[in-house]
Amino acid sequence: MTRIVAFVCNWCTYLGADLAGTNRLEYPADVRLIRLPCTGRIDFNLVVKAFEVGAGAVLVSGCHPGDCHYSAGNYHARRRWMLFRPLLEALGYDLRRVHFTWISAAEGKKFQQVITEITEKTRELGPAKLFETNGGSKWNAPPAPEPCSWSLEEDRMRATARKLLEDGTAKVVIGHGARGPVFVTRPEEADRLVWNEGCVHNLTTYLKRKEIRALGAPAIVVKKCDERALVVLEQESQISREDIHVVAMPCQGMNQPKCRNCEDDSGRYGDLESFLALSREDRMAYWAVELDRCVKCYACRQVCPLCYCERCVADKNRPRVIGTSATLKDNFAWHITRAFHQAGRCIGCDECTRACPAGIHLRLLNLATAKAAEDCFGYRAGYDPAAEPVLGAWSLQDKEDFIR
C-alpha cells in the first residue's frame, strides 16, 4: 500500500474531502489526512517528517487564493512553498512526490481526482529511497581563491577606535585581533585590533549577544559582505543603526569561497548550478554522505548573525520538533530547518560553512533559497534597506504554476 500524507486546511480541503465521502465518490484509501487550521500554519519540517516515517508522497492543500478563512494565510503559504521547493531540489528530494493544491469545500470531485492521480503516480515511482549513499559523494567544492595583496589600514582603524572610545561615542569596539574577535573597551587597548587576510569572521553576530549589549553603545568593524547583515538585522528590528557606529574596512579577498564573486557576482550561483547539474540521486547521495558527518554541535547556528532566537527550535522538547541525536534523519531535519529559516534572509557571509568542524558545504543550501528569492521576487537580502523582505509579505502576482 502506498502511503500518502495530506496536510489539509480545516476550512476548505478537509470539507472537500468530507463532501467527497458524502457523495460516495470513491478514491484510493492510501491517503492519510492531517487537518490543520490553515496552510499558512504548516511547518515544512512536517513534510520532511512525513517522508522520514515512510510516506511515498506528501500533499499540502488549502483554500483558493482570496478564500482564506484567515484572510491571507494561503498567500503566505504559497510564497513559502516557492522558496522551499528549490531547497528540496538541492537536497535531492524527488519533487514529483511533493504536491500542492487548492481545493475548496465545494470541490469534492476535485479532491477525488487529485488523490487518485497522486496515488497512481506514486505507485509508478515506487518506494521513496531517501538517504542512500549511492556509492558516495560525486561532487567537490571548487577551491577558494588565494587572498589578494593587501593595503593594510590598521593605523586608521586603530585611530578611529581610539577616538570613538575617548569621546564616549562607543563603549566597546568589536573588531579582529591576532587570534580572533576582540572587544576593546579602553582607548589604550586599540592597538589590539588588526586588519589582514585572517579577519574572516562576521562580527555582526556579536551584536545580538546580551553580554555585548550590556557593555553599552558598540562600534563594529565590518567588511562589505558583513555589512549586509546589519541591513537585515535592522529590517527585523533587532538593532538600530543610529545606536551603532560602523567602521567599514576595505577587503581584497579572505581566501574564502564567497570571495570568488564579491566584486563581479555574475557567477554568484556557480557552485549551486554545477551541483544541480548532478542527477537527483547523486545529489541525495552527496548529502547522505555529508550530513552523516554532522555531530550536531550547532556551530552553524551559533556563528550565524541572523540566528538570534533566544530558544532555538532544535532545543525545544515540548513537543520535540527535531531529534537531538546525530543520526542521518535528525541531521537532515536540522539542516533543512536551519536553511529554510534563512530563506530570504541569508546575506551570504558563509560563516556557517567556515565554522563547521566537519567541513560540510552548507553554503549550497543557502544558495538554493537565495537563488529562489532572486528568481521569483528579484530580492537579495541585505542590499536594499528599503526593500520589503520576502517572507512575511505576499503579492497577488506570486507565481503558482506548481499548484493544481
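Nothing in this text is a laboratory measurement; each read-out follows from the coordinates by a stated rule. Note that the coordinates shown come from a computational prediction; the quantities given were computed from them, not determined experimentally. Cβ placement follows ideal geometry from the backbone for every residue including glycine, while neighbour counts extend to all protein chains displayed.
Mind checking which lysines have their Cα closer than 30 Å to the Cα of LYS171? Skip sequence neighbours fewer than 8 apart in that chain.
LYS163, LYS208, LYS210, LYS223, LYS224
Any chance you could get the radius of gyration and Dmax over the Cα atoms of the stretch 265-377, in Å?
Taking only Cα atoms of the stretch 265-377, I get Rg and Dmax of 14.2, 45 Å.
Using the reciprocal of the averaged 1/r over all distinct C-alpha pairs, how large is the Kirkwood radius of the stretch 276-320 in Å?
Details: mean 1/r = 0.0763 Å⁻¹.
Its Kirkwood hydrodynamic radius stands at 13.1 Å.
Quick one: putting +1 on the C-beta of Lys and Arg, -1 on the C-beta of Asp and Glu, what dipole do you get for the chain around its Cα centre, in Debye to the nearest 20? Mind dumping the intermediate values first?
Details: 55 positive and 51 negative charges, 241 e Å.
In total the dipole reaches around 1160 debye.
Over the Cα atoms of the stretch 154-248, compute the convex hull volume and normalise it per residue, giving Å³.
Hull volume normalised by residue count: 87 Å³.
Over the stretch 265-377, what is the relative contact order in whole percent, taking alpha-carbon pairs under 8 Å and six or more residues apart?
Values: 91 pairs, mean separation 35.1, N = 113.
Over the stretch 265-377, the number comes to 31 percent.
Alpha carbon centre of the stretch 1-63 versus the stretch 302-337: separation in Å?
Centre-to-centre distance over Cα atoms comes out at 25 Å.
Which of the aspartates and glutamates could be linked to LYS399 by a straight reach, that is with a Cα gap under 20 Å, when you skip same-chain ones fewer than 8 residues away?
Filter leaves ASP67, GLU89, GLU374, ASP375, GLU388.
Can you give me the distance in nm between label points at VAL246 and ARG311, each placed 7 Å from the Cα along the Cα-to-Cβ direction?
With each label placed 7 Å out from Cα toward Cβ, I get 3.4 nm.
Please state, as a whole number in µm²/s, the translational diffusion coefficient that the Stokes-Einstein equation yields for the chain at 20 °C and 1.002 mPa s, with Rh defined as the Kirkwood radius across alpha carbon pairs. It would help to have the intermediate numbers written out before the result.
Details: Rh = 23.2 Å.
Translational diffusion coefficient: 92 µm²/s.
Any idea what the relative contact order of the chain is, in percent, if you count C-alpha pairs under 8 Å spaced at least 6 apart? Could you put the intermediate results ahead of the total?
Values: 664 pairs, mean separation 75.7, N = 404.
It comes to 19 percent, rounded to a whole number.
Hey, if you put +1 on the Cβ of every Lys and Arg and -1 on every Asp and Glu Cβ in the chain, which of LEU396, TYR298, ALA373 ends up farthest toward the positive end of that dipole?
Selected residue: TYR298.
Picking from CYS68, ASN196, MET249, whose Cα lies most toward the positive end of the charge dipole for the chain (charges on Cβ: Lys, Arg +1; Asp, Glu -1)?
Positive-end residue among those listed: CYS68.
Nearest 10 degrees, 0 to 90: what angle lies between the long axis of helix 280-291 and the longest principal axis of the chain (Cα atoms)?
50 degrees
Over the C-alpha atoms of the stretch 186-313, what are the Rg and the largest Cα-to-Cα span, Dmax, in Å?
18.1, 58
Can you find, among TYR383, VAL321, GLY270, the residue farthest towards the positive end of the dipole of the chain? Put +1 on the C-beta of Lys and Arg, -1 on that of Asp and Glu.
Final value for the positive-end residue is VAL321.
To the nearest 0.05, what FRET efficiency results for LYS399 and LYS210 with a Förster distance of 45 Å applied to their C-beta separation? Don't skip to the answer; put the middle values down first.
Details: r = 42 Å, r/R0 = 0.93.
Approximately 0.60, to the nearest 0.05.
Work out from phi, with θ = phi - 60° and the Karplus expression 6.51 cos²θ - 1.76 cosθ + 1.60, the ³J(HN,Hα) of each residue of the stretch 246-258, listed in order in whole Hz, and give x for Gly and Pro.
Along the stretch 246-258, the couplings run 9, 9, 7, 10, x, 9, 10, x, 10, 6, 10, x, 5 Hz.
Which whole-angstrom value gives the distance between the alpha carbon centres of the stretch 222-265 and the stretch 175-191?
Each part's Cα centre sits 19 Å from the other's.
Give me the Kirkwood hydrodynamic radius of the stretch 4-125, using the inverse of the mean 1/r over all pairs of distinct Cα atoms, in Å to one decimal. Could you put the intermediate results ahead of the total?
Values: mean 1/r = 0.0693 Å⁻¹.
14.4 Å is the Kirkwood radius here.
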